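Notes follow once the structure below has been shown.
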Amino acid sequence: MVGDGDRRTLSRREALRTLAGGALALGGLGLTSLTSCAPFLAGSSGGPTLPPGVAIIKTPLLVLKGHTAAVNTVAWSPDGTKVATTSDDFTAQIWDVATGASLLTYRNHTDKVWDIAWSPDGKRILSASRDMTAQIWDPASGQLQTTFTGHTKGVLSAAWSPDGTKIATGSVDWTAQIWDVASAKSLVTYTKHISWVYTVAWSHDGKQIASASNDYTAHVWDAATGAPSVEYREHSREVNAARWAPDGQSVISASGDGTVQRWDATTGQRISTFSGHKDAVYAAMWSPDGKRVVSGGGDEKALVWDPDTDEIKASYEGHMIKGTVDDGSPTGLVHTVAWAPDNTRLASASLDKTAHIWRLP
């Protein structure tokens, strides 16, 4: 049975892979029909191969080492000079991307830290943890500023509104919430998902949220009222990430079914399907200029591709690929990917306890 996020040794990576085999059970709701839609792809030796001419990059600009457990997320500062990472080791860290030096280790969470985001002005950090809180803190001093409490299970995802006055969170408790930053009060609770909410993402105008869930769906809903507008059901496995296109017209969603799908944010109609990974896809992110997407998967690769043609442009393969961990996950599984604001670099984070900085070819 899928756990409910209580105090067992559940990592974000385990949360994203827990449906490997067997029927999906959600708090006693046996949804066996969902598991029959497609086989789980973990460890598959088949799948697509890279076409000729794709740039294969195996040596990163920097390898950020210092965490003692899986690195779950990585996020660039708005000025592109730093990245922040989170880990199963209960910490978050700030890194200098010019030197690879760790500048600060944040230790105020009491459990695994699952997500992180810089405020739009770069002066604050938002982190989300299995300790059931989201926290805002100073990236220079590590001083805790605000704690958001109200979720009843671990907080898997957290994101700032474009104007920095609100945050959104997604939780193992099946809900997403909108919070006022100044008062730390919950303004909206979204309850339309029927399993864990892996990702919450603000639209660029700050009016809508895209959320991705273990229930095999992605939703678009009103950030002010919580009213749903689109429920996307084209994936056949859990949906690990949902991200808005820079033009606000479409959303990409990454899934355990091994695909990234692009769909219309207003109608929910599928536009295209990218099937370049050989395994579950855990993360996908648009480039700042909207011309490329990077995705990361259980096949230990981060792939850069054209969202209009689905043509692969580059494959980043530097994370450790030797051996597996006890749940069968490859040690180089790529949890998360992120574009630098200058559109010339990427960051990826992995089960191998590192984050990498890459130069685009």
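Every number here is computed from the coordinates shown, using simple stated rules; none is lab data. No experiment lies behind these values; they were computed from the predicted model shown. Glycine gets a Cβ as well: all are built from the backbone with ideal geometry, and neighbour counts include every protein chain shown.
Taking 19 Å as the cut-off, the amide N atoms of the stretch 130-161 that come nearer than this to a point 7 Å along the Cα-to-beta-carbon line of S186 belong to 130-136, 146-161. Taking Cβ atoms as reference points and 15 Å as the exclusive limit, the residues near D289 contribute a net charge of +1, counting Lys and Arg as +1 and Asp and Glu as -1. The overall shape of the stretch 162-223 is oblate: from the C-alpha gyration tensor, with semi-axes ordered a ≥ b ≥ c, the ratio a/c is 1.5 or greater and a/b is no larger than b/c.
Our compactness index for the stretch 239-351, the C-alpha radius of gyration over the empirical 2.2 N^0.38 Å, is 1.03.
Packing, as the average of other Cβ atoms within 10 Å across residues, places the peptides 205-211, 110-116, 331-337 in the order 331-337, 110-116, 205-211, highest first.
Give, in whole angstrom and from largest to smallest, the semi-axes √(5λ) of the equivalent ellipsoid of the stretch 71-173, with λ running over the eigenvalues of the Cα gyration tensor. Display every interim value, and only then the final one.
Details: eigenvalues 84, 47, 24 Å².
Largest first, the stretch 71-173 gives 20, 15, 11 Å.
The GluC sites (Glu not before Pro) of the stretch 255-361 meeting both criteria, a DSSP state outside H, G, I, E and B (loop) and at most 15 other C-beta atoms within 10 angstrom of the site's C-beta, are E311.
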